[in-house]
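Trainee: Below are the structure tokens for one structure; questions will follow.
The values are calculated or read from the model by the stated rules, or taken from the named source; none is laboratory data. Source: prediction; values computed, not measured. Reconstructed Cβ throughout: ideal geometry from the backbone, glycine too, with neighbour counts over all protein chains shown. Side chains included, ligands, DNA and RNA excluded: accessible areas come from the protein's heavy atoms. Shrake-Rupley method; radii C 1.70, N 1.55, O 1.52, S 1.80 Å.
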Amino acid sequence: MSDETQISVRDVSLSYGPIVAALDLTFDVRRGEFVSLIGPSGCGKSSALRAIGGLLSPQTGEVHLGGSVVRGPRPKEISFVFQDLALYPWRSALRNVEVALQFAGVTRKERRARAMEALHLVGLGDVPNRFPNQLSGGMQQRVAIARALVSDASVLLLDEPFAALDEQTRLRLGGQLLTLLEEQGKTVVFVTHSLSEAAYLSDRIVVMGPRPATIKEVISVPLPRPRHPSMMRAPEFHELTDRLSSLLFEDDRGPS
Amino acid sequence: MSATTERVTAARSGRNTRKTLARQAIALRSATIAAAVVAWELVARGPMRHNDFLAAPSKVVTDGLSFVLQPDTLLALWQTTFRFLIAFLIVAVAGSALGLVMGRLHRHIFLGARDVVTVLYALPMVPFYPLFVLWAGLGTRSEIAFGVIHGMIPVILMTMSASAQVEPNLISSGETMGASRFQRLLFIIVPSVLPDIVSALKIGAALTLLGVLLAELMISINGVGSFITNQITNHQAAWLNAIVLVVCLGAVVINTGLGWIERRASRWRT
Ligand SMILES: Nc1ncnc2c1ncn2[C@@H]1O[C@H](COP(=O)(O)OP(=O)(O)OP(=O)(O)O)[C@@H](O)[C@H]1O
Ligand SMILES: [Mg+2]
């Protein structure tokens, strides 16, 4: 990770018509850094990610990427995994991954080989020809991740990519993904509901408050890299997850 | 006997039961159709034997078949088929293209356009046919135009509704991967509405044929419709029924073909 700031979110407020989705978000992400966004459901995490990805224009404030203001999608620099995955159900797993390269103008032969390699990386090398409706929820999520990894973009925006998995698989796959991303030097903004996942994978964690989202705190994770599963038994890890859960439950005034 | 052989035998007998069931289903369906034909034969030979416009199936086949194979009849059938094919080609290309684009217009323009098309769909077109004849002249052109107008409107309506409802995130994901506007239309919107377009074309085909036949029945000098009018005036029940059967047969062929394409196109939908 370098000290250079790659993504800079400045006083960003987001809304859908009259619905305010986020207020005055400000945070930075350094090149090669892994930053997680956590917060209660509906607080605006996905909206914040869409703003970084250029899919949602801020009402006020600006998002900077590599020094210039983001005004729309930047396929060469950012790849995106949507919360609902947005796989194309009429395309096989392999062709879903290929489509990213097709839109990027890569030749047919090269994209077949690269897409196959990306599927192998996420452990789906054996089922390239299955259609999304023939894959389990977790396998679909991995196809979506492969589709994002196959491009050369240096920034990866991941919206709850492991939501369909059980805690063990989620942490195991998260760890594998982390190794992969470290090798490729990718910058990651990662939305999750799982506190242990955020703690295990991230360099920093942005904790958001309830609707409309404001940033409550940005926490640096005190664990060294590379991460190892045994670190989840370290006292620092438990202190961190305790702290996160108390931050999140602070506002929880019970069912209203 | 080992466990494996037992399983294999069980699987094989399961397959056999399925085959038997399928055979029974086909037998039952054919028997139902046969019963209907027999009933028709009995009614036509019994209580309705003095009716000029109902011929027994046996008579339709014996008299009618040779009639259908006469050069005049074949020519009329060809004229109608040709008009239908041209009209349907226009419906399929222009109707689905218009629908696709109209569905992607600004939300409120789309809703307004949909109102207009819905009203046109509800409107009976028959009273306007004389106008078509005045515009396009008597003959093939006005008949094709009448077929087109009948088939086109439901195709536009169904296609535009489907294209307006394409999952927004599928399109956003295309944008994040760098798809141009044209690529999004071709690789995201078209495939995601293709099953709806084929279903629309199935309805469109039936209505296009209806439009062409209506035009021929009303004001026309040739084609199946005008032939039917002639057989009614000549009291030729067997011939009339024979040509009606041929039209039905044609409709069934078109419908089966499009149904097959429809199933293939929507395989990925769950
Ligand atoms: N397309 C939309 N139109 C209108 N309102 C929206 C839209 N998308 C999100 N919202 C609203 O914006 C707010 C934030 O939504 P967002 O999806 O960003 O939350 P989230 O933190 O990602 O939630 P979750 O954890 O459940 O995914 C919510 O109040 C939601 O109702
Ligand atoms: Mg979300």
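Trainee: May I ask you to list the residues in the range A:217-245 that are out of contact with any Lys or Arg (no Cβ under 7 Å at 6 or more places or on another chain) and in a loop (DSSP other than H, G, I, E, B)? Don't jump to the end; show me each part of the working.
Mentor: Just the residues of the range A:217-245 that are out of contact with any Lys or Arg (no Cβ under 7 Å at 6 or more places or on another chain), to begin with: A:217, A:222-245.
The answer is A:222, A:223, A:224, A:225, A:226, A:227, A:228, A:234.
Trainee: Out of the residues in the range A:52-61 that are more than 14 Å from chain B (Cβ to nearest Cβ) and open to solvent by 50 Å² or more (accessible area, probe 1.4 Å), state the one that is farthest from ligand 1 (Cβ to nearest atom).
Mentor: Just the residues of the range A:52-61 that are more than 14 Å from chain B (Cβ to nearest Cβ), to begin with: A:58-61.
Remaining after also requiring open to solvent by 50 Å² or more (accessible area, probe 1.4 Å): A:59-60.
On the way: A:59: 12, A:60: 16 Å.
The qualifying residue farthest from ligand 1 (Cβ to nearest atom) is A:60.
Trainee: In addition: Is it the case that residue A:77 is closer than 19 Å to residue A:145 by Cβ and away from ligand 1 (no atom under 13 Å from the Cβ)? Even if it seems obvious, please write down each step before you answer.
Mentor: Working: closer than 19 Å to residue A:145 by Cβ: yes; away from ligand 1 (no atom under 13 Å from the Cβ): yes.
Judged against the criteria, residue A:77 is a match.
Trainee: Identify the residue in the range B:37-55 that is aliphatic (A, V, I, L, M) and modelled with pLDDT of 85 or more and, among all such residues, is surrounded by the most Cβ atoms within 10 Å (Cβ to Cβ). Working first, answer last.
Mentor: Filtering the range B:37-55 down to residues aliphatic (A, V, I, L, M) leaves B:37-39, B:42-44, B:48, B:54-55.
Subsequent filtering for residues that are modelled with pLDDT of 85 or more retains B:37-39, B:42-44.
Values: B:37: 12, B:38: 11, B:39: 11, B:42: 12, B:43: 14, B:44: 20.
Looking at residues that are aliphatic (A, V, I, L, M) and modelled with pLDDT of 85 or more, I get B:44.
Trainee: So if I check each of A:109, A:76, which one is within 14 Å of chain B (Cβ to nearest Cβ), surrounded by fewer than 19 Cβ atoms within 10 Å (Cβ to Cβ) and out of contact with any Cys (no Cβ under 6 Å at 6 or more places or on another chain)? I'd like the intermediate steps shown before the answer.
Mentor: Numbers: A:109 fails: within 14 Å of chain B (Cβ to nearest Cβ).
Residue meeting the stated conditions: A:76.
Trainee: Would you please list the contacts, defined by Cβ atoms under 9 Å and residues six or more apart or on different chains, that run from a residue in the range A:156-167 that is more than 14 Å from ligand 2 (Cβ to nearest atom) to a residue that is assigned to a strand (DSSP E or B)?
Mentor: Matching pairs, first to second residue: A:156/A:78; A:156/A:79; A:156/A:80; A:156/A:81; A:156/A:187; A:156/A:188; A:156/A:189; A:156/A:190.
Trainee: Could we say that residue A:56 is within 16 Å of ligand 2 (Cβ to nearest atom) and touching a Lys or Arg at 6+ places or on another chain (Cβ under 7 Å) here? Give the steps one after another, and end with the answer.
Mentor: Working: within 16 Å of ligand 2 (Cβ to nearest atom): yes; touching a Lys or Arg at 6+ places or on another chain (Cβ under 7 Å): yes.
The answer is yes for residue A:56.
Trainee: So which helices (runs of 4 or more DSSP H) are wholly in the range B:66-138 and hold at least 1 residues that are farther than 30 Å from residue B:222 by Cβ?
Mentor: Output list reads B:96-103, B:107-122.
Trainee: Which one is nearest to the other protein chains (Cβ to nearest Cβ) among residues in the range B:158-169 that are surrounded by fewer than 20 Cβ atoms within 10 Å (Cβ to Cβ) and part of a helix (DSSP H, G or I)?
Mentor: Residue satisfying both the conditions and the ranking: B:169.
Trainee: Hey, among B:128, B:132, B:146, which residue is more than 14 Å from every other protein chain (Cβ to nearest Cβ), without any contact (Cβ under 8 Å) to a residue 40 or more places away in the chain and aromatic (Phe, Trp, Tyr)?
Mentor: Numbers: B:132 fails: without any contact (Cβ under 8 Å) to a residue 40 or more places away in the chain; B:146 fails: without any contact (Cβ under 8 Å) to a residue 40 or more places away in the chain.
Only one candidate passes the filter, namely B:128.
Trainee: Another question, then. Within the range A:92-106, count every residue that is closer than 16 Å to residue A:128 by Cβ and facing chain B (nearest Cβ under 8 Å).
Mentor: Step one: of the range A:92-106, the residues closer than 16 Å to residue A:128 by Cβ are A:92-102.
From the residues that got through so far, the ones that are facing chain B (nearest Cβ under 8 Å) too are A:99-100, A:102.
Residues that pass the stated criteria total 3.
Trainee: OK, next. When the residues of the range A:196-213 are narrowed to those that are open to solvent by 10 Å² or more (accessible area, probe 1.4 Å) and either in a loop (DSSP other than H, G, I, E, B) or within 16 Å of ligand 2 (Cβ to nearest atom) (or both), which ends up nearest to residue A:6 (Cα to Cα)?
Mentor: Looking at the filtered set, the residue picked out is A:203.
Trainee: Need the failing condition index for residue A:179 against (1) open to solvent by 60 Å² or more (accessible area, probe 1.4 Å); (2) within 16 Å of ligand 1 (Cβ to nearest atom), just the number.
Mentor: If we test residue A:179 against (1) open to solvent by 60 Å² or more (accessible area, probe 1.4 Å); (2) within 16 Å of ligand 1 (Cβ to nearest atom), just (2) comes out false.
Trainee: Just checking, does the range A:39-51 include any residue being touching a helix residue (DSSP H, G or I) at 6+ places or on another chain (Cβ under 6 Å), near ligand 1 (Cβ under 8 Å from one of its atoms) and within 24 Å of residue A:175 (Cα to Cα)? Full working, then the answer.
Mentor: Here is the first cut: in the range A:39-51, the ones touching a helix residue (DSSP H, G or I) at 6+ places or on another chain (Cβ under 6 Å) are A:39.
Subsequent filtering for residues that are near ligand 1 (Cβ under 8 Å from one of its atoms) retains A:39.
Within this subset, residues satisfying the condition of being within 24 Å of residue A:175 (Cα to Cα) are A:39.
So far as the range A:39-51 goes, yes, one or more of its residues are touching a helix residue (DSSP H, G or I) at 6+ places or on another chain (Cβ under 6 Å), near ligand 1 (Cβ under 8 Å from one of its atoms) and within 24 Å of residue A:175 (Cα to Cα).
Trainee: Shifting gears a bit: Report whether or not residue B:172 is more than 30 Å from residue B:62 (Cα to Cα), within 14 Å of chain A (Cβ to nearest Cβ), open to solvent by less than 30 Å² (accessible area, probe 1.4 Å) and outside any loop (DSSP other than H, G, I, E, B).
Mentor: On the way: more than 30 Å from residue B:62 (Cα to Cα): yes; within 14 Å of chain A (Cβ to nearest Cβ): yes; open to solvent by less than 30 Å² (accessible area, probe 1.4 Å): yes; outside any loop (DSSP other than H, G, I, E, B): yes.
In short, yes.
Trainee: Another one. Among the listed residues A:32, A:42, A:17, identify the single one that is closer than 27 Å to residue A:154 by Cβ, of a type in the set (Gly, Ala, Ser) and open to solvent by 20 Å² or more (accessible area, probe 1.4 Å).
Mentor: That would be A:32, the only listed residue that is closer than 27 Å to residue A:154 by Cβ, of a type in the set (Gly, Ala, Ser) and open to solvent by 20 Å² or more (accessible area, probe 1.4 Å).
Trainee: Also: Every residue in the range A:145-165 that is crowded, with 23+ Cβ neighbours inside 10 Å and under 17 Å from residue A:182 (Cβ atoms), please.
Mentor: Of everything in the range A:145-165, those that are crowded, with 23+ Cβ neighbours inside 10 Å and under 17 Å from residue A:182 (Cβ atoms) turn out to be A:145, A:148, A:149, A:153, A:156, A:158, A:161.
Trainee: So if I check each of A:86, A:48, A:100, which one is among the small types (Gly, Ala, Ser), touching a residue at least 60 places away in the same chain (Cβ under 8 Å) and either part of a strand (DSSP E or B) or open to solvent by less than 20 Å² (accessible area, probe 1.4 Å) (or both)? Before the answer, list the steps.
Mentor: Values: A:86 fails: touching a residue at least 60 places away in the same chain (Cβ under 8 Å); A:100 fails: touching a residue at least 60 places away in the same chain (Cβ under 8 Å).
It is A:48.
Trainee: A further question on this structure: Going through the range B:233-270 one residue at a time, which ones are in a helix (DSSP H, G or I), free of Cβ contacts under 8 Å to residues at least 24 places away in the same chain and surrounded by 15 or more Cβ atoms within 10 Å (Cβ to Cβ)?
Mentor: Residues of the range B:233-270 that are in a helix (DSSP H, G or I), as a first pass: B:233, B:237-265.
After this cut, where a residue has to be free of Cβ contacts under 8 Å to residues at least 24 places away in the same chain as well, the list is B:233, B:244, B:248-249, B:252-253, B:256-257, B:260, B:263-264.
Selection gives B:244 alone.
Trainee: Regarding the range A:220-229, can at least one residue be identified that is within 16 Å of ligand 2 (Cβ to nearest atom), out of contact with any Pro (no Cβ under 9 Å at 6 or more places or on another chain) and not hydrophobic (A, V, I, L, M, F, W, C)?
Mentor: Here is the first cut: in the range A:220-229, the ones within 16 Å of ligand 2 (Cβ to nearest atom) are none.
No, because not a single residue in the range A:220-229 is within 16 Å of ligand 2 (Cβ to nearest atom), out of contact with any Pro (no Cβ under 9 Å at 6 or more places or on another chain) and not hydrophobic (A, V, I, L, M, F, W, C).
Trainee: Say we look at the range A:182-194 and pick out the residues that are open to solvent by 10 Å² or more (accessible area, probe 1.4 Å) and away from ligand 2 (no atom under 16 Å from the Cβ); which of these is nearest to the other protein chains (Cβ to nearest Cβ)?
Mentor: Only one residue fits best here, namely A:186.
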